[in-house]
Amino acid sequence: MGKFKGAIVVNTDRCKGCSLCVEACPKDVIALARKKVNVHGYPFVEVVNPEDCIGCASCGIVCPDGCITVYKKKMEE
């Protein structure tokens, strides 16, 4: 069985900064932006360690606003 690599895409304009996804991520791939806000004035989630993403989609599952999409790619060994 091969390994999977994930890629996270965040719709920052819809994100309200609840950080449920940050808590759900087992690899600390995403974090709440500290000094940036979106068009609605909310701090948003951004990808800080993209190389650590395993594509589990925990972040996307818990997002109440559907702001996160996770893609999986099978890595060659």
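Quick notes on this structure:
- Over 22 Å apart at the Cα level, from the set 16/74; 36/72; 27/72; 27/74; 5/36, are 16/74; 36/72; 5/36.
- Under-5 Å amide H pairs with residue 4, H placed in peptide plane, nonlocal only: 75
- For the range 3-75, the relative contact order works out to 46 percent when only alpha carbon pairs closer than 8 Å and six or more residues apart are counted.
- Farthest towards the positive end of the charge dipole of the chain, among the residues 44, 63, 29, is the Cα of 44, using unit charges on the Cβ of Lys, Arg, Asp and Glu.
- When the chymotrypsin sites (Phe, Trp or Tyr not before Pro) in the chain are filtered for DSSP coil states and for at most 11 other beta-carbon atoms within 10 Å of their beta-carbon, no site remains.
- For the chain, the dipole from Cβ point charges (+1 on Lys and Arg, -1 on Asp and Glu) about the Cα centre works out to 100 debye, to the nearest 20.
Each reported figure results from applying straightforward, stated rules to the coordinates on display, with no laboratory input. All values derive from a computational prediction rather than experimental measurement. Using ideal geometry, Cβ is built from the backbone for each residue, glycine included, and neighbour counts are taken over all protein chains shown.
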